[in-house]
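The values are calculated or read from the model by the stated rules, or taken from the named source; none is laboratory data. These numbers come from a predicted model, not from an experiment. Neighbour counts run over all protein chains shown; Cβ positions are idealised from the backbone, glycine included.
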């Protein structure tokens, strides 16, 4: 059950969706500049679910192993952002990002780098934009490249508060011309969620003014 | 006199990307690279760069810290903080130390305003 | 007002309802005439620009906050502003608008202009709403999938149809998990690669919520988008239709089974027919044999008779000749039965009252059987008559009684019963529907096992051992029954007894009543010397006939063919009577008779025939003479022929 304190009102959902949209637009724009090709983004899907379910929601989308760039953020609200690629896709992304000028070996050497930097650009653009919208500062960790399953990426610990609720955010993206696909997933724990709710309300008040 | 640009970024790819943008805008300028703040300071002891492009998000010492130190050492050097972290706070802090702000990814378009400004500054005599 | 500058022309070309251009630093909203009209703003008021707030004023209160957030978003750097919202016109009407806008930023990434176009989508919204309602009511779920994404956008109904938790977007994997792993996916993808050929297909799914097995149809379009594609489609449940199809298929299959059964029945019937034909063939064979036999017997009997006349009276000679004659007569009787079986024998059907017939021959039967056996006759008071040949029927009964006796070697009671049985068709050996008399001869003897019973009516089949029966009795009865449009049935249980039933059709009222007594013959005429023309293709028979006639004191001319006969009749106009064989090559006896009539008018003709059938078109006046005939029969026939003529 979602505690009443963190249930998002419809307007708050709208606001959050909008903010995420902006962040992701920015990220998509950045990715486009890096690759030079059209990037498609889906409408963000936002759900409040258990951590275990969040992990499952990821694994539901993929059967194979995943490669991801992970960045944790903290500040008024904290959480984890992931840029996830199915493993079979990631090299294509590297090739795209390194500009097709490198040899095959160089591409393999650069894989880790390229993924890290891409993740850096995308996640940072997204999170930073969101922070700006909410008029707060977040500090981000240095992005890490990880490989594993959905569960491991979200580090669902069987003993610990696997029942803890999280905000699960999910955006599909695809670069058709290069057959690149992946998604951005974000989780935020409940205390953070409460703060986020406040910030959203502030945002709404700011923007909507008397029309709220 | 050839202009030297110091590129500091822990990501090799980022350094390549910045270098490419630089080469496109100013083909005659040369670059020296460092992959961390510490390494950058080492490099500088040997050679003084004319311009610096510094990534913000680095471990141990972040780009803003390094930029602040460089500002003390080289008060007039054009410095740009390059980062995807476009938070207002970062932008504001960059301004405070007299550094420009270039959002990643560093395309020639993104770098152009800073570089043309830097080129002007370098050509005009020091006051 | 927006003039014919670069923004206006580009936006106006889209045919939109109206355009706006928001100068952000100046906080001024510029709009074109259509936009102004929609917002209920007088064109002259809009000419110099409007306060920014105007944009939001006309928006429906419920949508205003949402749009404000969206605008804030675009100003903060979101790429595209694309929203639908309601506006309330000055006249109070509510319209749905779709606004699409872009934001322009300065060098410092500050928004300076927000421009866009506004399209009236009220009608589309209504249609969409009606469609949504229809889809939900009609159980139609929609989906949209961008190739490359891991999720597909779906409607609630879509989720419900598959038993999935309702959500605006579902992972492709989850959607496809309602299908068997080996089956084609419901949402093909998620990787790009080749575009699917088409979306029209049917799937068998297992609903996630209740595990029900359902059939789902998918229809839709594949929209090309540059290098990739977008799938836009619907799904709906077709389980009922499929079940009906399955039921139909089952019906078809059982139809096949039923057809097979029909075929089996037909085969059985064909088998029965074949059997009947076999019997028929045997009949024909026996008929043929019988005919030849008849001729031979004729020769033997005639010669013996003449021999007896001409030899000196010697008891030894007489005994020998008698034996020979008996043998020949027995042979004649045999051929009779064979011919009867072959259904060539001419039957004289007449209305017969069965109880009368049976009571009439009771003595004969009891004497034939012997003292150890007795007859028990059971007949209803009134029984309709049958149409049958009296002699043949008597013979049949006698035969059956003898069989019954032989089955009870230690004596016993033989029951003979008769009762009316009406059929609806198909009973008792394929009887036509109608009224029948069932004449039964019942014994409590040894009975027959199945194998014997099956062969009992076969010609030449006998269990009685050599010399004790010809084996033709039952087959003859079978033939008789068939000829009378009845049937003959044997029922037997080994060790318990046998019931032999003769089914005979009840005689219809309009058939002439003929008393049991034989029809009176034409009075015999005195046998004065006649000039007779004898015709037969068989030399031996002809010789015999001539001998017999000669012995009777007549003058005989011989012809061995119809043609010869005609030649002779033309040559001898004083021929009194023609006696001819029926079965001759090239010209039959009846054909000859017709030609003779043409030649000589009413010349008497005697037709000698071993076959029973009455050739069609045969003249009524022709006297029939059955083969084999003896001299007495020949004489009688002559008398009939001459009597009739004179």
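Among the residues of segment C:388-431, what is the count of those that are touching a strand residue (DSSP E or B) at 6+ places or on another chain (Cβ under 8 Å) and at pLDDT 75 or above? Reasoning before the result, please.
Initially, segment C:388-431 is screened for residues touching a strand residue (DSSP E or B) at 6+ places or on another chain (Cβ under 8 Å), giving C:388-390, C:393, C:396-397, C:400-401, C:403-405, C:407-408, C:411-423, C:428-431.
Narrowing further to those that are at pLDDT 75 or above: C:388-390, C:393, C:396-397, C:400-401, C:403-405, C:407-408, C:411-423.
Residues that pass the stated criteria total 26.
Can you tell me which residues in segment A:58-75 are crowded, with 20+ Cβ neighbours inside 10 Å and modelled with pLDDT under 85?
Answer for segment A:58-75, where residues must be crowded, with 20+ Cβ neighbours inside 10 Å and modelled with pLDDT under 85: A:58, A:61, A:62, A:66.
Taking the criterion of being crowded, with 22+ Cβ neighbours inside 10 Å, under 23 Å from residue A:114 (Cβ atoms), in contact with a strand residue (DSSP E or B) (Cβ under 6 Å, 6 or more places away or on another chain) and within 14 Å of another protein chain (Cβ to nearest Cβ), would at least one residue in segment B:18-40 satisfy it?
Yes, segment B:18-40 has at least one match.
Restricting attention to segment C:363-405, report how many residues are surrounded by 13 or more Cβ atoms within 10 Å (Cβ to Cβ) and in a helix (DSSP H, G or I).
Of the residues in that region, 20 qualify.
Write out, first by first residue and then by second, each pair whose Cβ atoms fall under 6 Å of each other, whose residues are 6+ apart or on separate chains, and whose first residue, in segment A:26-43, is at the interface with another protein chain (Cβ under 7 Å from one of its Cβ atoms) while the second is modelled with pLDDT under 80.
A:26/C:77
Those residues that are out of contact with any strand residue (DSSP E or B) (no Cβ under 6 Å at 6 or more places or on another chain) and outside any helix (DSSP H, G or I), I need them from segment C:220-273; list them, please. Break it down stepwise before answering.
Our first condition is that a residue be out of contact with any strand residue (DSSP E or B) (no Cβ under 6 Å at 6 or more places or on another chain); within segment C:220-273, this holds for C:224-227, C:240-241, C:243-273.
Of everything in segment C:220-273, those that are out of contact with any strand residue (DSSP E or B) (no Cβ under 6 Å at 6 or more places or on another chain) and outside any helix (DSSP H, G or I) turn out to be C:224, C:225, C:226, C:227.
Which of the numbered conditions does residue A:101 fail, given that it passes all the others? Conditions: (1) at pLDDT below 85; (2) surrounded by fewer than 23 Cβ atoms within 10 Å (Cβ to Cβ); (3) outside any helix (DSSP H, G or I); (4) more than 12 Å from chain B (Cβ to nearest Cβ).
(4)
Give the residue that is nearest to residue A:143 (Cα to Cα), with candidates limited to residues of segment B:33-68 that are in contact (Cβ under 8 Å) with a residue 40 or more places away in the chain and outside any loop (DSSP other than H, G, I, E, B).
So the residue we want is B:55.
So for segment C:177-189 (the condition being surrounded by 16 or more Cβ atoms within 10 Å (Cβ to Cβ), within 11 Å of chain A (Cβ to nearest Cβ), more than 30 Å from residue B:87 (Cβ to Cβ) and within 51 Å of the chain's Cα centre (by Cα)), does at least one residue qualify?
Going through segment C:177-189, the residues surrounded by 16 or more Cβ atoms within 10 Å (Cβ to Cβ) turn out to be C:177-179, C:185-189.
Filter once more, so that each one left must be within 11 Å of chain A (Cβ to nearest Cβ): C:177, C:189.
Applying the additional criterion that residues be more than 30 Å from residue B:87 (Cβ to Cβ) yields C:177, C:189.
Okay, now just the ones that are also within 51 Å of the chain's Cα centre (by Cα), so C:177.
Within segment C:177-189 (the criterion being surrounded by 16 or more Cβ atoms within 10 Å (Cβ to Cβ), within 11 Å of chain A (Cβ to nearest Cβ), more than 30 Å from residue B:87 (Cβ to Cβ) and within 51 Å of the chain's Cα centre (by Cα)), the answer is yes, since at least one residue qualifies.
For segment C:77-86, check the following and say yes or no: at least one residue is within 9 Å of chain A (Cβ to nearest Cβ) and buried (at least 20 other Cβ atoms within 10 Å of the Cβ). Lay out the reasoning, then the answer.
Step one: filter segment C:77-86 for residues within 9 Å of chain A (Cβ to nearest Cβ), giving C:77-80.
Filter again for buried (at least 20 other Cβ atoms within 10 Å of the Cβ), leaving C:77-78.
Yes, because at least one residue in segment C:77-86 is within 9 Å of chain A (Cβ to nearest Cβ) and buried (at least 20 other Cβ atoms within 10 Å of the Cβ).
Can you confirm whether segment C:188-199 contains a residue that is touching a strand residue (DSSP E or B) at 6+ places or on another chain (Cβ under 8 Å) and not in a loop (DSSP other than H, G, I, E, B)?
Within segment C:188-199, none of the residues are touching a strand residue (DSSP E or B) at 6+ places or on another chain (Cβ under 8 Å) and not in a loop (DSSP other than H, G, I, E, B).
Residue by residue, here is whether (1) under 24 Å from residue B:57 (Cβ atoms); (2) part of a helix (DSSP H, G or I); (3) within 12 Å of another protein chain (Cβ to nearest Cβ) holds:
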residue: A:69; (1), (2), (3): yes, no, yes
residue: A:88; (1), (2), (3): no, yes, yes
residue: A:108; (1), (2), (3): no, yes, no
residue: A:116; (1), (2), (3): yes, yes, yes
residue: A:125; (1), (2), (3): yes, yes, yes
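Restricting the search to segment A:76-86, which residues are within 13 Å of chain B (Cβ to nearest Cβ) and out of contact with any strand residue (DSSP E or B) (no Cβ under 6 Å at 6 or more places or on another chain)? Spell out the reasoning first.
If we filter segment A:76-86 for residues that are within 13 Å of chain B (Cβ to nearest Cβ), which is where we start, we get A:76, A:81, A:83.
Result: A:76, single match.
Of the numbered conditions (1) surrounded by fewer than 17 Cβ atoms within 10 Å (Cβ to Cβ); (2) at pLDDT below 85; (3) away from chain A (no Cβ under 12 Å); (4) part of a loop (DSSP other than H, G, I, E, B), residue C:211 satisfies every one except a single condition; which is it?
Of the numbered conditions (1) surrounded by fewer than 17 Cβ atoms within 10 Å (Cβ to Cβ); (2) at pLDDT below 85; (3) away from chain A (no Cβ under 12 Å); (4) part of a loop (DSSP other than H, G, I, E, B), the odd one out for residue C:211 is (2).
Filter segment C:88-113 down to the residues that are closer than 18 Å to residue C:21 by Cβ and away from chain A (no Cβ under 14 Å) and list them by number. Before the answer, list the steps.
Step one: of segment C:88-113, the residues closer than 18 Å to residue C:21 by Cβ are C:97-106, C:110-113.
Listed by number, the residues that qualify are C:97, C:98, C:99, C:100, C:104, C:106, C:112, C:113.
Starting from residues that are touching a residue at least 40 places away in the same chain (Cβ under 8 Å) and in contact with a helix residue (DSSP H, G or I) (Cβ under 9 Å, 6 or more places away or on another chain), keep the ones in segment C:88-100 and report whichever is farthest from residue C:63 (Cα to Cα). Can you show your working first?
Of all residues in segment C:88-100, those touching a residue at least 40 places away in the same chain (Cβ under 8 Å) come to C:89-91, C:95, C:97.
Add one more test, that the residue is in contact with a helix residue (DSSP H, G or I) (Cβ under 9 Å, 6 or more places away or on another chain), and what stays is C:89, C:95, C:97.
Details: C:89: 14, C:95: 12, C:97: 11 Å.
If we take residues in segment C:88-100 being touching a residue at least 40 places away in the same chain (Cβ under 8 Å) and in contact with a helix residue (DSSP H, G or I) (Cβ under 9 Å, 6 or more places away or on another chain), then C:89 is farthest from residue C:63 (Cα to Cα).
So in segment B:69-101, with the set limited to residues that are without any contact (Cβ under 8 Å) to a residue 24 or more places away in the chain and part of a helix (DSSP H, G or I), which one is farthest from the other protein chains (Cβ to nearest Cβ)?
Within segment B:69-101, the first condition is being without any contact (Cβ under 8 Å) to a residue 24 or more places away in the chain, and the residues that meet it are B:72, B:75, B:86-89, B:91-92, B:95-96, B:100-101.
Imposing the further condition that a residue be part of a helix (DSSP H, G or I) reduces the set to B:72, B:88-89, B:91-92, B:95-96.
Working: B:72: 24, B:88: 5, B:89: 4, B:91: 9, B:92: 10, B:95: 11, B:96: 15 Å.
Here the residue is B:72.
Tell me, which residue of segment C:57-66 that is farther than 15 Å from residue C:121 by Cβ and crowded, with 19+ Cβ neighbours inside 10 Å is farthest from the other protein chains (Cβ to nearest Cβ)? Walk me through how you get there before you give the answer.
As a first pass, look at segment C:57-66 and keep what is farther than 15 Å from residue C:121 by Cβ: C:57-58, C:61-62, C:64-66.
Then drop every residue that is not crowded, with 19+ Cβ neighbours inside 10 Å, which leaves C:58, C:64-66.
Details: C:58: 12, C:64: 4, C:65: 5, C:66: 5 Å.
Looking at the filtered set, the residue picked out is C:58.
Do you know which of the residues in segment A:137-172 that are within 14 Å of chain C (Cβ to nearest Cβ) and either under 18 Å from residue A:48 (Cβ atoms) or surrounded by fewer than 23 Cβ atoms within 10 Å (Cβ to Cβ) (or both) is modelled with the lowest pLDDT?
Step by step, filter segment A:137-172, then rank; the result is A:150.
Among the strands (runs of 3 or more DSSP E) lying completely within segment C:65-163, list those that include at least 2 residues that are farther than 30 Å from residue C:202 by Cβ. Outline the logic, then answer.
Numbers: elements: C:81-88, C:94-105, C:111-120, C:140-146, C:151-154.
Those strands (runs of 3 or more DSSP E) span C:81-88, C:94-105, C:111-120.
Could you list, in sequence order, the residues of segment C:533-555 that are without any contact (Cβ under 8 Å) to a residue 60 or more places away in the chain and either under 15 Å from residue C:605 (Cβ atoms) or part of a helix (DSSP H, G or I) (or both)?
C:533, C:534, C:535, C:539, C:542, C:546, C:550
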